[in-house]
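Working notes, beginning with the structure itself.
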Amino acid sequence: MEYYAGIDIGSTMTKAVILAEEIVASVIGPTGPEHRRLANKVMEEALRRAGLALESITYIISTGYGRINVPFADKQVTEISCHARGVGSLFPQARTVIDIGGQDSKAITIDANGRPTNFIMNDKCAAGSGRFIEVIADSLGVKLEEMGDISLRSTHPAKISNICTIWAQQEVAARLAEGVPVPDLVAGIHEALADRVARMAKRLKVEKEVVLTGGGAKNKGLLKALSEQLGCEILVPPEPLITGALGAALLGKDIVQKALKSGKRPETKKRTLEEAKLH
């Protein structure tokens, strides 16, 4: 049995996937300042869950914001390619991927083989990312994971005019003081973020099916608002946080299989999972 691994070190969450014919283990944890230590930790946990040793992994690819900090990876690949490959494997009919992460959002168009054909990113402002929702949740004293359900209770979503996170925070506080119900404020915030993400995505040619990934995909209110902005149903993977790591593992498998067809195996690094020292 051949095993492949993908590690996705994002700005807020780190994910690892070990793959054979299907996923045999996955791990999700918060990203901290010590990327090398965290890469070791999530890989060790994924190996433990799979009941494997590091030497059992044929090929490892790292991706994401901190991909250069995975010393045992055989190759580094951009998150665009990895998200496209991961989503394409789960939804062969998908042609557009929208990823809403903690610090940025991106839209990717993909072909029938799960390869990216175009992409656009918003990494300049928190107002286009999950951080926008997090800041407002904190202002309202609401748990982040409850924001989606609260939003769905709205009867008249508030219109949030400010797209800057700081000004939106102040606007929400003012509207709250005016007596606007919390569900309406939360729904308005989701609509404001969805509008920003949709306008970004529409700069590409959005084609069906559309798949939403990242932490934003776990927010029911945001999913509903974005679906309305794009005018179509949006698909969500079973675990929307691991599509990048899954795609990395699959690309590793692709590399090995292509090399074997030419009669050789790809070169791999000497691998160790020694803990990085803190200085």
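Would you point out the residue of the stretch 88-112, among those that are touching a Gly at 6+ places or on another chain (Cβ under 7 Å) and more than 27 Å from Val135 (Cβ to Cβ), that is surrounded by the fewest Cβ atoms within 10 Å (Cβ to Cβ)? Applying the filter and picking the extreme gives Ser89.
Counting the residues of the stretch 209-244 that are of a type in the set (A, V, I, L, M, F, W, C) and either free of Cβ contacts under 8 Å to residues at least 24 places away in the same chain or assigned to a helix (DSSP H, G or I) (or both) gives 6.
Just one of (1) surrounded by 18 or more Cβ atoms within 10 Å (Cβ to Cβ); (2) among the aliphatic types (A, V, I, L, M); (3) out of contact with any Ser or Thr (no Cβ under 9 Å at 6 or more places or on another chain) fails for Leu241. It is (3). When we screen Ile60, Ile68 for residues that are closer than 25 Å to Arg115 by Cα and crowded, with 16+ Cβ neighbours inside 10 Å, the only hit is Ile60. Here the stretch 18-54 is the region considered, the condition is being within 22 Å of Tyr65 (Cβ to Cβ) and without any contact (Cβ under 8 Å) to a residue 12 or more places away in the chain, and the residue that is surrounded by the most Cβ atoms within 10 Å (Cβ to Cβ) is Gly32. Here Val256, Val206, Val186 are screened, and the one residue that is out of contact with any Phe, Trp or Tyr (no Cβ under 6 Å at 6 or more places or on another chain), among the β-branched types (Val, Ile, Thr) and part of a helix (DSSP H, G or I) is Val186. Which residues, counting only those in the stretch 21-37, are among the hydrophobic types (A, V, I, L, M, F, W, C) and closer than 18 Å to Gly102 by Cα? Across the stretch 21-37, the qualifying residues are Val27, Ile28.
Residues in the stretch 217-238 that are in contact with a strand residue (DSSP E or B) (Cβ under 9 Å, 6 or more places away or on another chain), surrounded by fewer than 20 Cβ atoms within 10 Å (Cβ to Cβ) and of a type in the set (S, T, N, Q): Ser227 alone. Is it fair to say Ala5 is of a type outside the set (D, E, K, R), under 18 Å from the mean Cα position of the chain (by Cα) and outside any helix (DSSP H, G or I)? So Ala5 fits the description; yes.
Of the residues Ser139, Ser105, Ser129, the single one that is at pLDDT below 85 and in contact with an Asp or Glu (Cβ under 7 Å, 6 or more places away or on another chain) is Ser129. Taking the stretch 43-59 as the range and being in contact with a Ser or Thr (Cβ under 8 Å, 6 or more places away or on another chain) and closer than 11 Å to Ile7 by Cα as the test, only Ala46 passes.
The values are calculated or read from the model by the stated rules, or taken from the named source; none is laboratory data. None of the values given here were measured: they were computed from a predicted structure. So basically every Cβ, Gly included, is an ideal-geometry build from the backbone, and we count neighbours across all protein chains shown.
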